[in-house]
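Below you'll find the structure, written out as structure tokens, and then a few comments.
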Amino acid sequence: MDWTFGDLLATPHGARAGPGDVFGSGTVPGGCLLEHVDTPNPADFGRWLVAGDVVSLSARGSAETRQRVVPGQPVTAASGH
């Protein structure tokens, strides 16, 4: 990241923030599962997310969002043309 979260909130970057606005930053270091697979010791990687898992995101002094992982649609191979 080029800026801290404090900088993102303090600097308007051409936009005005209001109540209910959501700030997104992309993936922060350590926040991507692939980073944990590509480590010096891949055995330390626990597992991929599965249906029923709950993923939560929170920030100190802010709200929390929680999503439950649900089964996806079956994958259908594309026919070759």
Residue satisfying condition, being more than 21 Å from the chain's Cα centre (by Cα), at pLDDT below 75 and either farther than 16 Å from ALA59 by Cα or among the polar types (S, T, N, Q) (or both), within set PRO19, PRO12
PRO12
Considering only residues that are under 23 Å from ASP21 (Cα atoms), open to solvent by less than 60 Å² (accessible area, probe 1.4 Å) and not β-branched (Val, Ile, Thr), which ones fall in the stretch 42-74?
ALA59
Candidate set from the stretch 22-60 (those that are of a type in the set (Val, Ile, Thr) and not in a loop (DSSP other than H, G, I, E, B)); member that is modelled with the lowest pLDDT:
VAL37
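The values are calculated or read from the model by the stated rules, or taken from the named source; none is laboratory data. Computed from a prediction, not measured in an experiment: that's the story for all the values here. Calculation scope for accessible area: heavy atoms of the full protein, side chains included, ligands and nucleic acids excluded. Shrake-Rupley method; radii C 1.70, N 1.55, O 1.52, S 1.80 Å.
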